[in-house]
Amino acid sequence: MEDQEKSGADQTNRVLLLPSDKNDGNVSAIFSEDKLELRADFYPPMAGGKPLSVDYIASALNRLKVIHGILWENIQEAVTSCNLNHRIVHDVVIARGNPPVSEILEYYQINPNLKAPEPEPQGNDRVDHRAYSPFIIVKKDQALAKLKSRKAGKEGRDIYGTVLPYGTRRPEGVSAGANTRSDGTFIYAAINGQLVADNGVLNVQDSLVIKGPVDYRTGHIIFPGDVEIEGPVSDGFKIYSGGAVTIKQTFDVTDVITKTDLTVLGGIIGRGRALVKVGGSLKTKFIENCKVASRRTITVDVDIVNSSVFTLERLEMGDKGKILGGEIYAVQGIRAGGIGKKTGKATRIHCGVDFTAQQEKEKCNYQMRILSAKLNKLRNLMETEAELPPSPDQEERRKKMEEALARFEEEQKKLAGQITAILGRLNAFEEAAVEVSGEIAPGTLIEICQIALFVSEPLRHVRIRLDRGLGKLVSEGL
């Protein structure tokens, strides 16, 4: 009996493909909104009804005018399963069109490898979260973005065979901004600095401004240019700058290294283990319990307390600024309001001496002591060996010890030459002077060009300088 299909809609896009005999197998199909897909539920026949067939499905699709993207394998499999198992087979895709593919215009895609550094595991797989940084630091000539070529579009076709035109899409790309350059294929950084994307424009900033504190949200600060920090710096966080650093609050320092100047509007607190190395000048309100080295002048408004301070130029204190304990090396001299106090650690002042040469000399002296100990031990061993009865391998041992002795003596000679050369440049500024507008407390040691003056009685309003003719330090009233 020929099927006479009737179609009716029980939902907006659902079509019931009903045979003439209600007991025959049938199909319920649903179209997608975009007419790119047709799904179907397959129902087995009831008692006495005809089973489903592929021809029946083909005839039904023809009446529905579905001509493109028919999935015959899916249909065959569903029909077979439905008839054999006598169960409903749900949600089978029986036709699928081809959606249009949009044309993609060319655009610059940001380098996916550009991201902020993440902390690496330390010993025992522990992670130092202070090593985390939210800043993306780039180097000069580093590729920031690459031009992605245009991709052609492609027409689509729905299940009725209707041609679907393609559209045009421009992905959200980036463009070259300040301190960048482009060769038509790549966008490069023109300088070392921080990469900042502002509304799709790539800028490389030569300075880093931190509006808040330096803590776990920022991590250690490692930047090739100038750094400005408006908030406090938490203990344990390091700052390394290839330019100048300005800190607008008190600086709880762990380690800081700057290529040029360091300015701290508050003071510097080091807790005894901090290291500050400044390639230019240093200006701050006070320094407490840390080691500070600067190539140029250090200016401190109030106090230096229990700290080691080194400068290749001058130490300038405020009119009431005091040096309380610790050790100061200032090649060109010191001007302060006061030095030392009666009840406190002794203060030692060294001027006129290049502290870098002093450190080299101390290193060479240490190496000389080690070498002298090795030489004494070797000579004693050679004397003992000479008293032993002759043996076949004695000559070989003697030869090796003589070679070692010659090598050690040559090293000793070189070290002696290095120390002599260092001594020649150790006293770098004989005109250095220590000027104190207030009092120098007893117990203070002042040294200019390795000539010392121990202060046993208070000295007030004085200038201490080296009198090379007398070979001693003299004090003059200010």
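The values are calculated or read from the model by the stated rules, or taken from the named source; none is laboratory data. Just so it is clear, the structure is predicted and the values come from calculations on it, not from any experiment. Cβ placement follows ideal geometry from the backbone for every residue including glycine, while neighbour counts extend to all protein chains displayed.
For the stretch 274-323, how many residues meet the condition of being among the aromatic types (Phe, Trp, Tyr) and touching a helix residue (DSSP H, G or I) at 6+ places or on another chain (Cβ under 9 Å)? Spell out the reasoning first.
Start the filter on the stretch 274-323 by keeping residues that are among the aromatic types (Phe, Trp, Tyr), which leaves 286, 310.
From what is left, the residues that are touching a helix residue (DSSP H, G or I) at 6+ places or on another chain (Cβ under 9 Å) are 310.
Qualifying residue count for the region: 1.
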Worksheet item: Would it be correct to say that Leu423 is in contact (Cβ under 8 Å) with a residue 12 or more places away in the chain, of a type in the set (A, V, I, L, M, F, W, C), over 23 Å from Val302 (Cβ atoms) and part of a strand (DSSP E or B)?
Response: no
Worksheet item: From the list Ile110, Ile137, Ile70, which one is assigned by TED's automatic domain parsing to the domain that holds Leu38 and either modelled with pLDDT of 90 or more or under 30 Å from Pro213 (Cα atoms) (or both)?
Response: Ile70
Worksheet item: Given the structure, is Val201 β-branched (Val, Ile, Thr), under 22 Å from the mean Cα position of the chain (by Cα), surrounded by fewer than 20 Cβ atoms within 10 Å (Cβ to Cβ) and within 30 Å of Tyr107 (Cβ to Cβ)?
Response: no
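For residues that are of a type in the set (Gly, Ala, Ser) and in contact with an Asp or Glu (Cβ under 7 Å, 6 or more places away or on another chain), scanning just the stretch 213-240, find the one that is modelled with the highest pLDDT.
Start the filter on the stretch 213-240 by keeping residues that are of a type in the set (Gly, Ala, Ser), which leaves 219, 225, 231, 234, 236.
When the remaining residues are screened for being in contact with an Asp or Glu (Cβ under 7 Å, 6 or more places away or on another chain), the result is 225, 234.
Numbers: Gly225: 91, Ser234: 82.
Looking at residues that are of a type in the set (Gly, Ala, Ser) and in contact with an Asp or Glu (Cβ under 7 Å, 6 or more places away or on another chain), I get Gly225.
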Worksheet entry | Of all residues in the stretch 374-422 being among the acidic types (Asp, Glu) and touching a Leu at 6+ places or on another chain (Cβ under 8 Å), the one that is surrounded by the most Cβ atoms within 10 Å (Cβ to Cβ) | Glu411
Worksheet entry | Residues (surrounded by fewer than 18 Cβ atoms within 10 Å (Cβ to Cβ) and either within 44 Å of the chain's Cα centre (by Cα) or of a type in the set (Lys, Arg) (or both)) located in the stretch 436-458 | Leu445, Gln450
Worksheet item: Which numbered condition trips up Gln359, out of (1) buried (at least 18 other Cβ atoms within 10 Å of the Cβ); (2) within 30 Å of Lys414 (Cβ to Cβ)?
Response: (1)
Worksheet item: Based on what the data block shows, is Gly69 surrounded by 14 or more Cβ atoms within 10 Å (Cβ to Cβ), of a type outside the set (A, V, I, L, M, F, W, C) and under 59 Å from the mean Cα position of the chain (by Cα)?
Response: yes
Fill in: Lone qualifier among Val300, Val305, Val278, Val331 - being modelled with pLDDT of 95 or more and under 30 Å from Pro442 (Cβ atoms)
Val300
Practice prompt. Could you list all residues from the stretch 1-57 that are acidic (Asp, Glu), over 60 Å from the mean Cα position of the chain (by Cα), surrounded by 17 or more Cβ atoms within 10 Å (Cβ to Cβ) and at pLDDT 70 or above?
Written response: Asp24
Worksheet item: Hey, does the stretch 349-356 have a residue that's of a type in the set (Phe, Trp, Tyr), closer than 26 Å to Cys290 by Cα and part of a helix (DSSP H, G or I)?
Response: yes
Worksheet item: In the stretch 248-279, which residues are farther than 22 Å from Glu327 by Cβ and of a type in the set (Gly, Ala, Ser)?
Response: Gly266
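Can you tell which of Glu447, Glu457 is of a type in the set (Asp, Glu), outside the structural domain of Leu375 (by TED's automatic domain parsing) and assigned to a loop (DSSP other than H, G, I, E, B)? Even if it seems obvious, please write down each step before you answer.
On the way: Glu447 fails: assigned to a loop (DSSP other than H, G, I, E, B).
After ruling out the rest, the residue left standing is Glu457.
Kindly indicate whether Arg369 is surrounded by fewer than 13 Cβ atoms within 10 Å (Cβ to Cβ), of a type outside the set (A, V, I, L, M, F, W, C) and either touching a Leu at 6+ places or on another chain (Cβ under 6 Å) or in a helix (DSSP H, G or I) (or both).
yes
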Worksheet item: Of all residues in the stretch 269-279, how many are surrounded by fewer than 17 Cβ atoms within 10 Å (Cβ to Cβ) and not hydrophobic (A, V, I, L, M, F, W, C)?
Response: 3
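What are the residues in the stretch 277-289 that are in contact with a Ser or Thr (Cβ under 7 Å, 6 or more places away or on another chain) and either outside any strand (DSSP E or B) or among the aliphatic types (A, V, I, L, M) (or both), if any? Outline the logic, then answer.
Filtering the stretch 277-289 for residues in contact with a Ser or Thr (Cβ under 7 Å, 6 or more places away or on another chain) gives 278-283, 287-289.
Correct list: Val278, Gly279, Gly280, Ser281, Leu282, Ile287.
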Item to complete: Answer with yes or no whether Arg296 is in the same structural domain as Pro442 (by TED's automatic domain parsing) and either in a strand (DSSP E or B) or of a type in the set (Gly, Ala, Ser) (or both).
Response: no
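Could we say that Leu470 is in the same structural domain as Gly326 (by TED's automatic domain parsing), surrounded by fewer than 17 Cβ atoms within 10 Å (Cβ to Cβ) and either assigned to a loop (DSSP other than H, G, I, E, B) or touching a Lys or Arg at 6+ places or on another chain (Cβ under 8 Å) (or both) here? Steps first, answer last, please.
Numbers: in the same structural domain as Gly326 (by TED's automatic domain parsing): yes; surrounded by fewer than 17 Cβ atoms within 10 Å (Cβ to Cβ): yes; either assigned to a loop (DSSP other than H, G, I, E, B) or touching a Lys or Arg at 6+ places or on another chain (Cβ under 8 Å) (or both): yes.
Criteria met by Leu470.
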Discussion item. Just to be sure before I move on: is Ala346 more than 30 Å from Lys400 (Cβ to Cβ) and under 38 Å from the mean Cα position of the chain (by Cα) in the structure I sent?
Written reply: no
Worksheet item: Which condition does Pro213 not pass, out of (1) in contact with a Phe, Trp or Tyr (Cβ under 7 Å, 6 or more places away or on another chain); (2) under 29 Å from Gly177 (Cβ atoms), if it passes all the others?
Response: (1)
